[in-house]
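For reference, the structure discussed in these notes is given below.
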Amino acid sequence: MAVFNQVEFDNHEQVVFCSDKESGLKAIIAVHSTKLGPAVGGCRMWDYAKDEDAVYDVLRLSKGMTYKNAVARLPFGGGKSVIIGNAKEIKSEQLFRAFGRQLERLNGSYYSAEDVNITCADVALMNKETNYVLGLEGKSGNPSPFTAYGTFLGIKAALQHQRGHQDFSGIKVAVQGLGAVAYGLCQHLADAGAKLFVTDINQVAIDRVVNDFGATAVGIDDIYDLDVDVYAPCALGATINDDTIPRIRATIIAGCANNQLAQSRHGEIIREKGILYAPDYVINAGGIINVYYETAPEGYTVEASNKHVEGIFNTLTEIFSRSEKDQKSTHLIADELAQEIIQNGL
C-alpha cells in the first residue's frame, strides 16, 4: 500500500497505524503539520471498503485541518484520525479506551475530537486514557451548532459578494445531507426566510426538517438539478465532480461538508461557470474554533467562541474579493491564504 507517493501525503510529519487485538481497534492517525501548534482534528469512524481508502481519507482530511486551522487563525496544526469499522457494530468502551492509549503515546503532538460517527460520549471514553482530546461535555461540548452558525454566515457572505445583499427572503437553498450540523444550518436558514429543499439517505432526518422548517423533500439524486440559488453540500465529500457540475443550477455552492471538490480542477470549472464557491475548510471551521476556546487561557465562553466564528464572514469576503481580482478559483485563494499564515505565523 503506497503512502509516501500519494499526492495527499504532502510531507506529513507522522502517520501512525494502530491496532489492539482485544478491542478489535484498527485505526490510523495522521499528523500533517505542527508548525502553528499541536495538530488538532477529529476522529472519524467509517467502514472503509479497503485499507487504502482509509489511508487516502485520513491524509486528505489531515492536510485539510492544517489549512482550516490556519485560515481560522487558530494556534493549531493539522491532524486527523480514522477508526476502521461499522460504527453500529464495533463501538465499545474497550475500543475507545484502546484508541485513547494510542493518542497518549503521541505525547500531545495530536489532539483528537468528535467527527463522523463519533460522539462526545465516545470522546469521553478516550479521555479515560488520555488528556489529548477536545470537545468534551461540560467544556466546549458539541461543536455542531457553531459549525452550523459559521456555515450560515458563509452563505450570507456569498450572497453579499454576489448579489450585494444578505436578505434570504425568497432565496432557495438545496441542502444535501441532514446531520446535526445541517439541521442547525436549516434552522438558521428557515429563520432568515429561505426556502429549503432537502435530501438525505435517512428518511427520519428528512421528515424532521420537513416538519420543523417546512422544507421540501427531494430525491437523493435530484438535489443537483434543482433551480435554486444555493447548493449546500452537507454530507460526505466529492459531490462537486464531472458528473454533477453540468447539472448544478445554483450560482452559489456553500455547505458544511469536507472536501467538496472531487479534484482541485473542479474549483476552476465552477468558477468559469459563474458559480461562487465557499471553500469547505473555511466555511465549516466553526466547530474547531469552538473547540479551541476549551484550551483558551481565559477559559471557555460561548460569547468568545461565537465572536471568533463570526470572523468566517470576513475571511470569506476577503477570499471572494481576491479570487475576483486574481481571476483564480476561491479554493486556490484559500490555500494561498493558509500557506501565507503558516509561513508567517498568526
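Just so it is clear, none of the values below were taken in a lab; they were calculated from the coordinates. Quick caveat, the model's predicted, so the values are computed rather than measured. All Cβ positions, glycine included, derive from the backbone under ideal geometry; neighbour counts span all protein chains shown.
Find the residue count for the range 259-273, including only residues that are surrounded by fewer than 22 Cβ atoms within 10 Å (Cβ to Cβ) and under 20 Å from Ile220 (Cα atoms).
The qualifying residues number 2.
Of the conditions (1) surrounded by fewer than 22 Cβ atoms within 10 Å (Cβ to Cβ); (2) on the phi > 0 side of the Ramachandran plot; (3) not basic (Lys, Arg), Asp225 fails just one. Which one is it?
That leaves (2) as the condition not met.
Taking the residues in the range 1-42 that are acidic (Asp, Glu) and more than 27 Å from Arg73 (Cα to Cα) as candidates, determine which candidate is surrounded by the fewest Cβ atoms within 10 Å (Cβ to Cβ). Talk me through it step by step, then tell me what you get.
The initial filter retains those residues of the range 1-42 that are acidic (Asp, Glu), namely 8, 10, 13, 20, 22.
Checking the rest, the ones that are also more than 27 Å from Arg73 (Cα to Cα) come to 20, 22.
On the way: Asp20: 16, Glu22: 8.
Out of the qualifying residues, it is Glu22.
Within the range 1-118, considering only strands (runs of 3 or more DSSP E) that don't extend past its boundaries, which have at least 1 residues that are in contact with a helix residue (DSSP H, G or I) (Cβ under 9 Å, 6 or more places away or on another chain), closer than 21 Å to Leu136 by Cα and of a type outside the set (S, T, N, Q)? Write out each step before concluding.
Details: elements: 14-20, 25-33, 43-46, 77-84.
Qualifying strands (runs of 3 or more DSSP E): 25-33, 43-46, 77-84.
Please list, ordered by first then second residue, the pairs with beta carbon atoms under 9 Å, 6 or more apart or interchain, first in the range 309-330 and on the phi > 0 side of the Ramachandran plot, second crowded, with 16+ Cβ neighbours inside 10 Å.
Gln327/Arg271
Kindly indicate whether any position in the range 13-29 is under 19 Å from the mean Cα position of the chain (by Cα) and in contact (Cβ under 8 Å) with a residue 60 or more places away in the chain.
Yes.
Residue check: is Arg249 surrounded by fewer than 24 Cβ atoms within 10 Å (Cβ to Cβ) and assigned to a loop (DSSP other than H, G, I, E, B)?
Yes.
Only residues in the range 283-305 that are farther than 17 Å from Gly42 by Cβ count as the first member; pair them with residues that are in a loop (DSSP other than H, G, I, E, B), Cβ under 8 angstrom, at least 6 apart or cross-chain, and list the lot.
From residues that are farther than 17 Å from Gly42 by Cβ, the pairs are Tyr300/Lys139; Tyr300/Ser140; Tyr300/Tyr293; Tyr300/Glu294; Thr301/Tyr293; Ala304/Tyr293; Ala304/Ala296; Ala304/Glu298.
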